Amino acid sequence: MTRLGLHGLGIGAGAQRTVIDAVAAAAERSGFATLWVGEHVVMVDEPESTYPYSDDGQLTISPQTDWLDPLVTLSFAAAATNRIELATGVLPLPERNPVITAKQAASLDRMTGGRLSLGVGIGWSKEEYDALGAPFDGRERRLAEYVAAMRTLWRDDVASFSGEFVSFDRVRVNPKPHGRSIPIVLGGNSDAALRRVAEWGDGWYGFHLADVEEAASRASKLRALCRQVGRDPADLRLAVSLQDPVPADSGRLADAGIDELVLVASPPADPIAAEAWISELAGKWMRVRT
């Protein structure tokens, strides 16, 4: 069976400190593998950008909804737990300063004993890029270069990097991650996104896929792309969320080579009810896995 992850903190009711503590601790006790947290820095009331994960191109979340910074959210979740893995799902990395992000991620990974995976992507909201003063065009190239620069900072005691978008010379950025690097999990469901995973990613987070069949098809495409560039697909971590998952999907995804099914759901606003909610999820999903 696949592992089970949970994508529900940092937004709406999941943006409350007491709920974060309750959900994170209960998820760890119940056997969930990973807590995933997404990111949007800004939202706009009438976006012109097309949301790629819905049929109508519209994001269903209200722009008035609370949305915490994912690394801050995961820091609080980490403080309430000891073992459960933590992942961003995902940061639009080309909007960010890669040197600052490298330090923030390394700090969190060190403080959690190596529990962090950094999920990143190119993003889709031009309005958000504009608000942050970041160029929307060329974000695919910037994503690859930013990741390369961050890996250099994590790896080298005295780091230098010279690229099209970021350069630094003989700098020290400490602390280093717990394991001297942090797994990079790439979001996106398109062929171009899967090609990035095959070429230089450590894993893939396929978000809001229609069903098991689409997840299996995308995973098969990814394995083919890996073979084209001479990589072993078994080295990649594959996680997906589905639009309307049912417990039986867990075994079918495992047969398709998917490592983790991520449940996307919002917790109740009351922390006691949130603990009960996790128990109900575990009772429904974990029973199928035994």
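The values are calculated or read from the model by the stated rules, or taken from the named source; none is laboratory data. A quick note: this is a predicted structure, and the numbers were derived from the prediction, not measured. Virtual Cβ from ideal backbone geometry, glycine too; neighbours counted across all protein chains shown. What goes into the accessible areas is simple: the full protein's heavy atoms, side chains included, and nothing from ligands, DNA or RNA. Shrake-Rupley method; radii C 1.70, N 1.55, O 1.52, S 1.80 Å.
Assorted remarks:
- Of the residues examined, THR60 is not one that is of a type outside the set (Gly, Ala, Ser), open to solvent by 20 Å² or more (accessible area, probe 1.4 Å) and farther than 27 Å from ALA282 by Cα.
- Long-range neighbours under 7 Å by Cβ, at least six apart or interchain, first residue within 16 Å of ASP45 (Cα to Cα) within the stretch 123-135, second assigned to a helix (DSSP H, G or I): GLU128/GLU95; TYR129/GLU95
- Those helices (runs of 4 or more DSSP H) of the stretch 54-132 in which 1 or more residues are farther than 27 Å from ALA22 by Cβ occupy 98-111, 126-132.
- Checked against the criterion of being at negative phi and at pLDDT below 95, the candidates THR101, THR88, THR60 yield just one match: THR60.
- Taken as a whole, the condition of being modelled with pLDDT of 95 or more, under 30 Å from TYR53 (Cα atoms) and in a helix (DSSP H, G or I) applies to ALA149.
- Cβ pairs under 9 Å, 6+ apart, first in the stretch 17-31 and farther than 9 Å from ALA80 by Cα, second at pLDDT below 95 and charged (D, E, K, R): GLY31/ARG289
- Selection within the stretch 170-209 - in contact with a Phe, Trp or Tyr (Cβ under 6 Å, 6 or more places away or on another chain) and free of Cβ contacts under 8 Å to residues at least 60 places away in the same chain: SER181, VAL197
- Residues of the stretch 191-240 classified as open to solvent by 30 Å² or more (accessible area, probe 1.4 Å), under 23 Å from GLU145 (Cβ atoms) and either in contact with a strand residue (DSSP E or B) (Cβ under 6 Å, 6 or more places away or on another chain) or in a helix (DSSP H, G or I) (or both), total: 10
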